1. Among the residues of segment 318-332, which ones are touching a helix residue (DSSP H, G or I) at 6+ places or on another chain (Cβ under 8 Å), of a type outside the set (Lys, Arg) and either assigned to a loop (DSSP other than H, G, I, E, B) or surrounded by fewer than 19 Cβ atoms within 10 Å (Cβ to Cβ) (or both)?
2. Has segment 257-269 got at least one residue that is assigned to a strand (DSSP E or B) and either touching a strand residue (DSSP E or B) at 6+ places or on another chain (Cβ under 6 Å) or closer than 25 Å to Gln122 by Cα (or both)?
3. Could you check segment 259-272 and list, in sequence order, the residues that are touching a helix residue (DSSP H, G or I) at 6+ places or on another chain (Cβ under 8 Å) and among the aliphatic types (A, V, I, L, M)?
4. Could you tell me whether any residue of segment 128-142 is assigned to a helix (DSSP H, G or I) and loosely packed, with under 11 Cβ neighbours inside 10 Å?
5. May I ask you to verify whether Arg290 is closer than 28 Å to Asp145 by Cα, more than 22 Å from the chain's Cα centre (by Cα) and of a type in the set (Lys, Arg)?
6. Conditions first: (1) in contact (Cβ under 8 Å) with a residue 60 or more places away in the chain; (2) over 13 Å from Thr240 (Cβ atoms). Lys343 passes all but one, so which condition is the exception?
7. Does any residue of segment 163-170 turn out to be modelled with pLDDT under 85, under 27 Å from Leu314 (Cβ atoms) and under 21 Å from the mean Cα position of the chain (by Cα)?
8. Counting just the residues of segment 65-93 that are among the hydrophobic types (A, V, I, L, M, F, W, C) and assigned to a helix (DSSP H, G or I), which one comes out surrounded by the most Cβ atoms within 10 Å (Cβ to Cβ)?
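The values are calculated or read from the model by the stated rules, or taken from the named source; none is laboratory data. What you see is a predicted model; the values in this text were computed from it and never measured. Positions of Cβ are backbone-derived with ideal geometry, glycine not excepted, and every protein chain shown enters the neighbour counts.
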Amino acid sequence: MLRLLLQNQRRFFSQAKSRSCLAQPTQHRPKIDIGCAAPQQGIQTLKESAMTLNLGKAILDCVQTRHEEKFTARQIAEWIFSTYPAECQQKKTNSQATYINTDGDLIQQLVAEIGSRRPSLQKKHPELKVTEGRPRKYYYTTQTDIAAVAAAESTATKPTTQANGNVTTGEHALYPLLSRYLSDECGVYAKRIDEKRSSNKRGPNGNRWLYPDVVGMQDLGVEWHQQVRDCVNHYSDKRTKLWSFEVKLLINMSNVRECFFQTVSNSSWANFAYLVAAEIEGPHTLKELRMLFAAHGIGLIKLDSDTPADSQILIPARERDDIDWDMANRLATENRDFLEYIKCVKQFYQTGEAKPADWDIPETTD
């Protein structure tokens, strides 16, 4: 009997508990959103994320589409702006910078960001190459440094017509451009030294690295009063500085030391010795040249083959006080062009004037 009472009591409390749970107010029940549509804010976030400009990828897309072609940072920025218009407008909208108000402001910002991304991009993508000098130029190539130098030396640059009607290509096309730059920007009279006009008395390699490509004379008194010039002559003081140049189409890490020490060998006799290059690839190349300059004083000129007036002296040469006349005599003895150069310098000291006809000054073309 007692057992029956206990069972009935348990059944009563169990039913009461069930009724209590069923009677719980609906407002306390958790609401579950089972809708399939995302909130409007989430949709907007996804749209903005989809239109975010991936600048690193865009830079690579630009240079890869035109393999081996060189672009300035501004040209890349303009390409990105025209190729990714929605992403660029979203970047301008999201920008918190007060100076980005127009499309031109955005392009200028892209130019700055391309420059700042350059080191990290080159580490991740060694095929991305950058020339030194201003402006830097970006290009994409799978060639090794050695292959790039070989290709540059075997590929003719834009042909140049000399005063005598001869058309020159390759490295030889750079000589008149250098002469024009030296004449217009540095006040230096230039003269080409053709190694083919050498005696070669010492055998095939006896005069290796002996001759510079171009030599020059700077008239220190070109703007002096005539009385000052006469006074200097009576004092037997210097009226000139002699320059010497080794010219290359391309310098990179595969040939930088060879080019530099070739210049040391054939140009250290002069007051100013310069290595000249139409292209200098990579920051490590320029760093190496600066280190070598500290030891030997050879300067570096970046020659702009399109606009010679825009060429730059990246590393000024350290001046040598006195000419190495022993080396000058060796050059004059072995090469007729260098002998003519020495005669022109002597004539200048005798007459006080440099005759343009005696020097390689290309005619200005409109």
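1. The answer is Ala332, and nothing else.
2. no
3. Once the filter is applied, which keeps residues that are touching a helix residue (DSSP H, G or I) at 6+ places or on another chain (Cβ under 8 Å) and among the aliphatic types (A, V, I, L, M), segment 259-272 yields only Val264.
4. No, every residue in segment 128-142 fails to be assigned to a helix (DSSP H, G or I) and loosely packed, with under 11 Cβ neighbours inside 10 Å.
5. no
6. Condition not satisfied by Lys343: (1).
7. So far as segment 163-170 goes, yes, one or more of its residues are modelled with pLDDT under 85, under 27 Å from Leu314 (Cβ atoms) and under 21 Å from the mean Cα position of the chain (by Cα).
8. Result: Ala77.
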